[in-house]
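The values are calculated or read from the model by the stated rules, or taken from the named source; none is laboratory data. Since we're looking at a predicted model, the values are computed, not measured. Counting neighbours? That spans all protein chains shown, and the Cβs are built from the backbone with ideal geometry, glycine included. The accessibility values were calculated without ligands, DNA or RNA, using every heavy atom of the protein model including side chains. Shrake-Rupley method; radii C 1.70, N 1.55, O 1.52, S 1.80 Å.
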Amino acid sequence: MRWRASLTGSRFGRGVVVPGGVQQTGHVELDRLCREIDSFELELARDRHLFLGTSSMTDRLIGSGVIGRELVEAYGAVGPVARGSGASVDARHERPYGEYRRLGLRVMTDRGGDAMARIIVSFREIDESLRILRQAIDRLRRRDGVLRVALPAGGDGCAFGWVEAPQGELVVWVEIRDGLIHRVHIASPSFRNWALFDRAFPRDVLTDFAFIEHSFGLTPAGADR
């Protein structure tokens, strides 16, 4: 979010991130952005080493909150929750959109099925995100890529869209009537993964609850209808 604020003037990209893409490439030089990514990668490697080397943390994660792949597939789970149980599901790979059609995404998975596996997947996905960022910067240098696609103007109708959010696939359905938004339905990753949450505690102790919860990355607001 700090990078986004430097690039656009807003932590949320307001005024720059628009329907169909972005309005401009940003205010930060690409060389500086690459240095920021390199610095972040070094800090991440240090923090990951400390995290994985702290037994008081990893002991709470290894073997806790185990969910099998069959259960994940039966519930239609998404994101690191699904990929941490060996299910290779990612909207950017299954139904690629935008520049993901050209960036060669690698889906990160782990077969452990426990809280530790979900954390490992998240670490790997940060590495993959950094690789994709570097590819995108290279395309910007060569001016090879589309920053914004044209959207239809006016009229009524319905539209269905999806993106791969940090916690899994986010689905949106919108209905337009008389040029105004009439109805919106949102299925967030939390909404899709909450139902599986209570199945992750068959033999775990109460003190492991918080660790398992954080490994799911759920939010009550994400399940609000």
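Computed over neighbours whose Cβ is under 13 Å from that of E94, the net charge equals +1, Lys and Arg +1, Asp and Glu -1. Summarised as an ellipsoid, the chain has semi-axes of 32, 25, 15 Å, derived from the eigenvalues of the Cα gyration tensor scaled by 5 and square-rooted, with the largest first. The convex hull built on the alpha-carbon positions of segment 72-197 has an orientation-averaged projected area of 9.0 nm². Packing, as the average of other Cβ atoms within 10 Å across residues, places the peptides 73-85, 39-51 in the order 73-85, 39-51, highest first. The reciprocal of the average 1/r between distinct C-alpha atoms defines the Kirkwood hydrodynamic radius, which for segment 104-151 equals 12.8 Å.
Legend: P(r) of segment 183-225 from all alpha carbon pair distances, 5 Å bins from 0, whole percents, reading 5, 21, 29, 20, 12, 7, 4, 2, 1. Quote to one decimal, in nm, the extra length available between R35 and A159 on full extension: 0.36 nm per residue of separation minus the C-alpha distance between them. Extra length from R35 to A159 when fully extended: 40.7 nm.
Available extension along the chain between V28 and V172 is 48.7 nm, counting 0.36 nm per residue and deducting the alpha carbon span.
Based on a Kirkwood Rh over C-alpha pairs, give the Stokes-Einstein translational diffusion coefficient of segment 1-98 at 20 °C and viscosity 1.002 mPa s in µm²/s. The Stokes-Einstein estimate is 124 µm²/s.
Size of segment 7-49 from its Cα atoms: along the principal axes, largest to smallest, the extents are 39, 20, 17 Å.
To the nearest 10, the accessible area of W194 is 80 Å² with a 1.4 Å probe.
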